[in-house]
Amino acid sequence: MKRIIKLSLVTALALSTSALASTVEGTITAYSYDVEDKQIQKDVALTLKVSHKVNDIISMNATVVSIDPFGATNTIQEKGSITTEANIVATYAKTTLKSGRQYIESPMFTSFDWLMKPVAYQANALINKSINNTTLIAVDAKTMAGNTDMEFTTLKDKNRAYGIVYANDNDYSAHAWYYN
């Protein structure tokens with residue numbers, strides 16, 4: 001009975017936000033992992049993503065992931081919900097500032113998604129594409145929630161990345177990164 005109520009609340013949320021948002025997406029992911037001579041590990045995740053374009057410059061994104069083992073006692077990660085994305089994106093000319101919880105793709109900061117949810121960061125990212133075929137990137141991350149984490153934890157020290165990515169018509173690309 002509780003699962004029906006949870007599903008109804010998620011459905012109501014999706015319907016109510018679809019009138020206000022540009023995009024509403026939902027996915028269900030099931031995972032079963034059988035380790036030799038051990039119990040099977042299982043989890044099911046419901047992901048709801050809402051994106052809204054406020055105007056030509058500002059947009060907002062939010063992603064919530066809810067995970068439930070559906071009665072399994074041996075699970076991959078904790079049961080619960082987490083907001084993995086909650087950010088504001090501002091783009092002016094060829095410069096973008098993204099602030100808040102977000103997914104980051106770089107050789108060291110990465111949001112790989114191999115279990116129920118991607119790695120997420122609380123960060124500020126500045127991206128500039130003023131130079132032809134070149135992207136300049138600066139990231140300052142404060143907290144992180146890994147693939148199996150249901151809450152964000154504070155990162156130690158400074159966690160910054162500076163990158164230059166050159167891509168020529170999909171023929172080849174070159175990356176240079178500095179991490180602090």
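The values are calculated or read from the model by the stated rules, or taken from the named source; none is laboratory data. Note that the structure is a prediction, hence the values are computed from the model and not measured. Ideal geometry is used to build each Cβ from the backbone, glycine not excepted, and the neighbour counts take in all protein chains shown. The accessibility values were calculated without ligands, DNA or RNA, using every heavy atom of the protein model including side chains. Shrake-Rupley method; radii C 1.70, N 1.55, O 1.52, S 1.80 Å.
Restricting to the range 115-144, name every residue that is under 17 Å from Ser81 (Cα atoms) and touching a Gly at 6+ places or on another chain (Cβ under 8 Å).
Val119, Gln122
What single numbered condition from (1) open to solvent by less than 40 Å² (accessible area, probe 1.4 Å); (2) within 23 Å of Asn87 (Cβ to Cβ); (3) modelled with pLDDT of 90 or more; (4) of a type in the set (S, T, N, Q) fails to hold for Asn147?
So the condition that Asn147 fails would be (3).
Please verify whether Met108 is touching a Phe, Trp or Tyr at 6+ places or on another chain (Cβ under 7 Å) and farther than 30 Å from Val44 by Cβ, treating the condition exactly as stated.
Values: touching a Phe, Trp or Tyr at 6+ places or on another chain (Cβ under 7 Å): yes; farther than 30 Å from Val44 by Cβ: yes.
In short, yes.
Those residues that are open to solvent by 80 Å² or more (accessible area, probe 1.4 Å) and either of a type in the set (Lys, Arg) or at pLDDT 90 or above (or both), I need them from the range 26-59; list them, please.
Once the filter is applied, which keeps residues that are open to solvent by 80 Å² or more (accessible area, probe 1.4 Å) and either of a type in the set (Lys, Arg) or at pLDDT 90 or above (or both), the range 26-59 yields Lys38, Lys42, Lys53, Asp56.
Limited to the range 94-138, what total is found for residues that are open to solvent by 30 Å² or more (accessible area, probe 1.4 Å) and not in a strand (DSSP E or B)?
12
With the requirement that a residue be touching a residue at least 12 places away in the same chain (Cβ under 8 Å), more than 14 Å from Val64 (Cα to Cα) and outside any loop (DSSP other than H, G, I, E, B), what does the range 144-158 give you?
Met144, Thr154
Among the listed residues Ala167, Ala141, Ala161, identify the single one that is assigned to a strand (DSSP E or B) and surrounded by fewer than 16 Cβ atoms within 10 Å (Cβ to Cβ). Let's see the steps before the verdict.
Values: Ala141 fails: surrounded by fewer than 16 Cβ atoms within 10 Å (Cβ to Cβ); Ala161 fails: surrounded by fewer than 16 Cβ atoms within 10 Å (Cβ to Cβ).
Criteria check complete, one pass: Ala167.
If you go through the range 89-110, how many residues are within 15 Å of Thr63 (Cβ to Cβ), of a type outside the set (A, V, I, L, M, F, W, C) and out of contact with any Asp or Glu (no Cβ under 8 Å at 6 or more places or on another chain)?
1
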